[in-house]
Every structure is written in C-alpha cells, then in structure tokens.
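In what follows, a structure is listed as structure tokens, so that the remarks can point back to it.
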C-alpha cells in the first residue's frame, strides 16, 4: 500500500486558539466541521482545514491509508467506513493540490 | 474540510532589513525611508520573537538586502529556527560563490528584480549600467545551487505592453516564476507616478494580456498580486482571503523595526523590538479597518466587490487618503458589471 507523505515544501501551522475552541466544541457534541484549526500553504495555494483534517494531515508521515484510519478510529467516535471515506476524499484533494505525495 | 479561519499570527513577514542600495530605481518605495537599522543582537532577538509568534516565513527586502552586514547570519539563524527564508534582490552581488553561501544560509527562494527583457531599458530604469546582465547571471547562479528563482517585475509605463516578451525571457532563463507586481504609489513611485503609472483602461489591457499568459504558459508560474483582477473574472479559488493579503496573511517590518501593514502603507502599528507581534496582529485598529473595508463610491453595488474588496488598499490610501475608497487603478464604472476573461 502507498505511503503518504506531507510535501516538505508545504508550510503549515496549527492555530492554537481555534484548536482549543474546536476541542471544547467536540467535547460538547457541537458540529465543528466548519471550524478551521490549521492552515497549509504551498506556493500560492492555501488551505484551512478542520480538526479531522488537521489530524489526518499530521499523520501523513509515511504511513499508509490503513495506518491513518486505524490511528484516527481510536480518537474519533465514528463508524470506520465513514471515517475511511472521509480520509480518502481528503487525501485525494491534498494529492491533487500537491500538498502530499505518494511513495511505494 | 476547507474552512474560514482568523489567523493568530501573520504567515509571512516582509522584512525591509535595510534601506541602503547600490541602485537608483525610479519607482523605489524606500529611497526616502528611514536608514536607521536594528543592532545585530536586537535583530536576532526580533527574529526569535517572530518565530515564537508562529510566523512561517520571512522574505527579506530593502534597499538591497545583500548590503546589510549581517544578512547571512540573520538568515541562517532564522532558517535554523524553522522559518522559510527568501529574499528580493537586484542580483548585482550574486555571483557563483555568493549563491552557494546563500544556499548554505538557508535561502529557499530568491526573487531577482528585472523590469524589462531589454537590457538598456532595465539598466536605464534601475539607474545602473550593466545591471540587467548581472541580474540574468544571478538567476543562473541561484538556480545552479538549487534555490528556487523568481523574476520580480514592477509593471509600469516601460513594460506594460511587453507581457509576451517578459514571459519568454523568464522561460529562457529558467525562472520558476515571474511576478508581475502592480505599481504602488509610494516613495519615488508616488513622485514619478505621472511618468510611470498607467491609466485604469491601460491596466485592464495589461491584466487581460497577463491573465492570458498565465493560462497559456504551463512551464512557469505567472503570478499576479493585484486584487482588481477579480474584475476580469480571475478569482483565485485557492486563496483563503479576498482583496489585499496585507494585514490578513502578511505584515511588513522596516529597517528600524517599525511594523506596518505592508511596505507601501506608511502607517506604523508597532515595533518588533518592543511590541508583542501577536498582540499587534490581533488588536491593531488599522489592521481591523483593512480586514473590514466598507465599499464606497463605485465599489458600492459592484458585483465583484466581495472578491476584490476595493482593490489595493495601499494605493487607495496613498492617492485618496481613505483606504475604503475604490482602487484608483480600477477601470470599473458606477453600476457596471465586470466581465469574464
């Protein structure tokens, strides 16, 4: 299975206040999908990503898709197939924009 | 998983580390600016402060930054702290050994100012015979050591009709990017405005041509930093911000440490040696006004206002005294609909 790596040219930062807000919202059971918690920059392209996106992004360290899903499944209260579909869609978007690379 | 976000700190600092220069450019924004410079130890602590605030990159400028006595030490220190370090230079001092030194200091990208594909035009505009040849040579030296290259071209009367030639020139010299900077009316740019600036209709023609080149040329990044291109339907869907990025993604620091929203807005909102960067970023009333501009005049009712937000804030402020006024380069008329490319 392909190893997934963050493109080293991407600059990124977690936003601590937004992250804390998202965590509080998550604990309260709020919908935090629209709360941006990290920003990615590559060339002229920019992306603001939510808590799940941020956790996926941080796990793009050479693991494969199964490894990322397994790690997140332990963190988030969600059905595995739903999580896998979300992760796959997000990673496809990152790959298309050049934020991540695939390695054999 | 894309989301709106209010950043806690700038992403980029444009740092005019010095104002000394070996050129005499007719559009220079900083020629008459302060020549006070921060002491070496203060500079180091300021770089550390910027890194701790969460800034991701510093782009050094000036003046000519390579004339600063500690640029290499400062850049090396910044890159060691994890900051992405880049620079804008006229290229005069970059030979092969200097390029290797810059690589070792951690520079990842260097923009070389070249205002014309024609050597005599560039040399005359920059006030330095032979500067075009040295700039072109610098591009080669930088590229050879693996630093990303960019050509910075300030669009004005000498080059507005040369888009195709400028892009071909950049391709021939294997630059990764050509940056068409919109003309700012600051410093000598303001003094020489009547001679150098274009009319709104001429800007429209230029941007049509530049956007066509951006669409056509796949071997190079043709970069346009002017929010008014929204009038031609050129919306950057990858950008998190609308209008000017100044004060939303970036800030400017002057050679004496003064913080301004951008290099072309002479409004001091703090000083990096004495103030907390995150606090300035969060609490500056000037930045707040820039982030929450209100449409006035022909901007009211313009169908593209939500994308361009009145265009370049620096230009509106410099020429009208009110950052909310329409960008003087805007070719739109009262109640007009904008057009697609």
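The single condition from (1) more than 14 Å from every other protein chain (Cβ to nearest Cβ); (2) closer than 30 Å to residue B:289 by Cα; (3) without any contact (Cβ under 8 Å) to a residue 40 or more places away in the chain that residue B:153 fails is (3). Quickly run through segment A:10-33 and pick out the residues that are facing chain B (nearest Cβ under 9 Å) and either part of a helix (DSSP H, G or I) or over 24 Å from residue A:95 (Cβ atoms) (or both). Passing the criteria: A:16, A:17, A:18. For segment B:85-94, state whether one or more residues are buried (at least 19 other Cβ atoms within 10 Å of the Cβ), modelled with pLDDT of 95 or more, within 14 Å of chain A (Cβ to nearest Cβ) and under 26 Å from residue B:155 (Cβ atoms). Yes. All of A:53, A:36 fail the test of being modelled with pLDDT of 90 or more, farther than 18 Å from residue A:100 by Cβ, facing chain B (nearest Cβ under 8 Å) and under 13 Å from the mean Cα position of the chain (by Cα), apart from A:36.
Checked against the criterion of being in contact with a strand residue (DSSP E or B) (Cβ under 8 Å, 6 or more places away or on another chain) and within 14 Å of another protein chain (Cβ to nearest Cβ), the candidates B:82, B:54 yield just one match: B:54.
Against the list (1) within 29 Å of residue B:108 (Cα to Cα); (2) outside any helix (DSSP H, G or I); (3) more than 14 Å from chain A (Cβ to nearest Cβ), the condition residue B:166 fails is (2). How about segment B:279-292: which of its residues are under 22 Å from the mean Cα position of the chain (by Cα) and touching a residue at least 12 places away in the same chain (Cβ under 8 Å)? If the condition is that a residue be under 22 Å from the mean Cα position of the chain (by Cα) and touching a residue at least 12 places away in the same chain (Cβ under 8 Å), then B:280, B:281, B:284, B:286, B:287, B:289, B:290, B:291 are the ones that fit.
Of all the numbered requirements in (1) touching a strand residue (DSSP E or B) at 6+ places or on another chain (Cβ under 9 Å); (2) within 30 Å of residue B:39 (Cβ to Cβ); (3) buried (at least 19 other Cβ atoms within 10 Å of the Cβ), residue B:256 misses one, and that requirement is (3). Scanning for something at the interface with chain B (Cβ under 10 Å from one of its Cβ atoms) and under 21 Å from residue B:84 (Cα atoms), does segment A:56-66 turn up at least one residue? There is at least one residue in segment A:56-66 that is at the interface with chain B (Cβ under 10 Å from one of its Cβ atoms) and under 21 Å from residue B:84 (Cα atoms). For residues in segment A:69-104 being crowded, with 17+ Cβ neighbours inside 10 Å and away from chain B (no Cβ under 14 Å), which is farthest from residue A:23 (Cα to Cα)? Out of the qualifying residues, it is A:84.
The residue pairs whose first member lies in segment B:1-25 and is more than 25 Å from residue B:270 (Cα to Cα) and within 11 Å of another protein chain (Cβ to nearest Cβ), whose second member is part of a loop (DSSP other than H, G, I, E, B) and at pLDDT 85 or above, and whose beta carbons are closer than 7 Å, counting only pairs six or more residues apart or on different chains, are B:3/A:34; B:3/A:35. Applying the set (1) modelled with pLDDT of 95 or more; (2) within 22 Å of residue B:314 (Cα to Cα); (3) in contact with a strand residue (DSSP E or B) (Cβ under 9 Å, 6 or more places away or on another chain); (4) not in a helix (DSSP H, G or I) to residue B:150 leaves exactly one unmet item: (2). In this structure, is residue B:111 within 14 Å of another protein chain (Cβ to nearest Cβ) and not in a strand (DSSP E or B)? Against the criterion (within 14 Å of another protein chain (Cβ to nearest Cβ) and not in a strand (DSSP E or B)), residue B:111 does not qualify.
The values are calculated or read from the model by the stated rules, or taken from the named source; none is laboratory data. Note that the structure is a prediction, hence the values are computed from the model and not measured. Every residue, glycine as well, gets a Cβ built from its backbone with ideal geometry; the counts of neighbours run over all protein chains shown.
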